[in-house]
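Enquirer: Mind having a look at this structure? Questions to follow.
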Amino acid sequence: MQGSQLNILVSLRKTSLVDYPGKIAAVIFIPGCNLRCPWCQNRELVLDTEKAPGAIFLEEALEQIEKRRNVLGGVVLSGGEPTLYRDLPDLIRRIKTQGKPGLPVKLDTNGTFPAVLEELLSRPDTRPDYIAMDLKIAPSRYAVLLSGGAAAAALAPALQKSAALIRSSGIAHEFRSLILPGGFFGPADREALAPLAADSPWNFRPFRPGNCLDPAWDDTFP
Ligand code: SF4
């Protein structure tokens, strides 16, 4: 990763049985996100990396993963939004090729940067081995998740393009939605998102309060 930024702070979950289907995985949480979902439970990662639990430098996280190579079946790159990290292609290449053999990579994404996905998919050594894309609310409503200033009108086509790229990639994948309380995720959202998932796996999980980006969500839906 010559010239890459390995000195960023990330969070590392050394072992997870639930983040990479069928594999024991390490999870690297990469800081920063372009969205501000009020229910987000990665507050520190989104707002203040220094305070993220167990923050360590990426290089150190990779060294720890390498040391645990014999018990790990893969690495999850999550966030925040990992496609914001400019050296993501180099990071994936390193994980997939370091060691003999390298480790497969699962990418978690909010799908708002299809150009990054397209770049990753274009080369064998940067193609994730599994992609999970969040489908949050109807694409036309994503503007309510923006932190301001971003081009809301561009989000719906971006989500559609990312979903189409993932569906046609030939890579194992899933779409994921949270069943949000207070009618935030309703039948109209589900109907609007259905064409993005099409015939691909679409998994739903219940919302659980705790450390929400908007603390009102913890108070309103305890
Ligand atoms: S839930 Fe995901 S996309 Fe939304 S603010 Fe949190 S990290 Fe970003």
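Enquirer: Scanning for something within 11 Å of the ligand (Cβ to nearest atom), assigned to a strand (DSSP E or B) and open to solvent by less than 30 Å² (accessible area, probe 1.4 Å), does region 60-74 turn up at least one residue?
Expert: no
Enquirer: Of the conditions (1) under 16 Å from the mean Cα position of the chain (by Cα); (2) open to solvent by 10 Å² or more (accessible area, probe 1.4 Å), Ser162 fails just one. Which one is it?
Expert: Condition not satisfied by Ser162: (2).
Enquirer: Take the conditions at pLDDT 95 or above, under 22 Å from Gly80 (Cβ atoms) and outside any loop (DSSP other than H, G, I, E, B) and apply them to Ile137. Does it pass?
Expert: no
Enquirer: Looking at Ser177, Ser169, Ser78 in this structure, which one is within 14 Å of the ligand (Cβ to nearest atom), at pLDDT 95 or above and in contact with a Leu (Cβ under 7 Å, 6 or more places away or on another chain)?
Expert: Residue meeting the stated conditions: Ser177.
Enquirer: For region 193-207, how many residues meet the condition of being open to solvent by 50 Å² or more (accessible area, probe 1.4 Å) and within 13 Å of the ligand (Cβ to nearest atom)?
Expert: 1
Enquirer: Filter region 175-192 down to the residues that are in contact with a strand residue (DSSP E or B) (Cβ under 8 Å, 6 or more places away or on another chain) and surrounded by fewer than 16 Cβ atoms within 10 Å (Cβ to Cβ) and list them by number.
Expert: If the condition is that a residue be in contact with a strand residue (DSSP E or B) (Cβ under 8 Å, 6 or more places away or on another chain) and surrounded by fewer than 16 Cβ atoms within 10 Å (Cβ to Cβ), then Ile179 is the only one that fits.
Enquirer: Residue check: is Arg86 more than 16 Å from the ligand (Cβ to nearest atom), surrounded by fewer than 22 Cβ atoms within 10 Å (Cβ to Cβ), among the basic types (Lys, Arg) and closer than 19 Å to Leu17 by Cβ?
Expert: Spelling it out, it is not the case that Arg86 is more than 16 Å from the ligand (Cβ to nearest atom), surrounded by fewer than 22 Cβ atoms within 10 Å (Cβ to Cβ), among the basic types (Lys, Arg) and closer than 19 Å to Leu17 by Cβ.
Enquirer: Now a separate question. If you take the residues of region 49-59 that are within 15 Å of the ligand (Cβ to nearest atom) and under 20 Å from Thr83 (Cα atoms), which of them is surrounded by the fewest Cβ atoms within 10 Å (Cβ to Cβ)?
Expert: That would be Thr49.
Enquirer: List every residue pair whose Cβ atoms sit under 7 Å apart, with the two residues 6 or more apart in sequence or on different chains, where the first one lies in region 178-189 and is in a helix (DSSP H, G or I) and the second, anywhere, is of a type outside the set (Val, Ile, Thr) and surrounded by fewer than 19 Cβ atoms within 10 Å (Cβ to Cβ).
Expert: That search, which allows pairs on different chains as well, returns Ala188/Ala138; Asp189/Ala138.
Enquirer: In region 34-48, which residue that is within 6 Å of the ligand (Cβ to nearest atom) and open to solvent by 30 Å² or more (accessible area, probe 1.4 Å) is nearest to Ser11 (Cα to Cα)?
Expert: Going through the qualifying residues, I end up with Asn42.
Enquirer: Quick one: in region 100-134, which of the residues that are part of a loop (DSSP other than H, G, I, E, B) and open to solvent by less than 30 Å² (accessible area, probe 1.4 Å) is farthest from the ligand (Cβ to nearest atom)?
Expert: Gly102
The values are calculated or read from the model by the stated rules, or taken from the named source; none is laboratory data. Because the structure is predicted, anything quoted here is derived from the model rather than measured. Quick reminder, even Gly has a Cβ in these numbers, built from the backbone with ideal geometry, and neighbours come from all protein chains shown. For accessibility, only protein heavy atoms count, side chains too; no ligands or nucleic acids. Shrake-Rupley method; radii C 1.70, N 1.55, O 1.52, S 1.80 Å.
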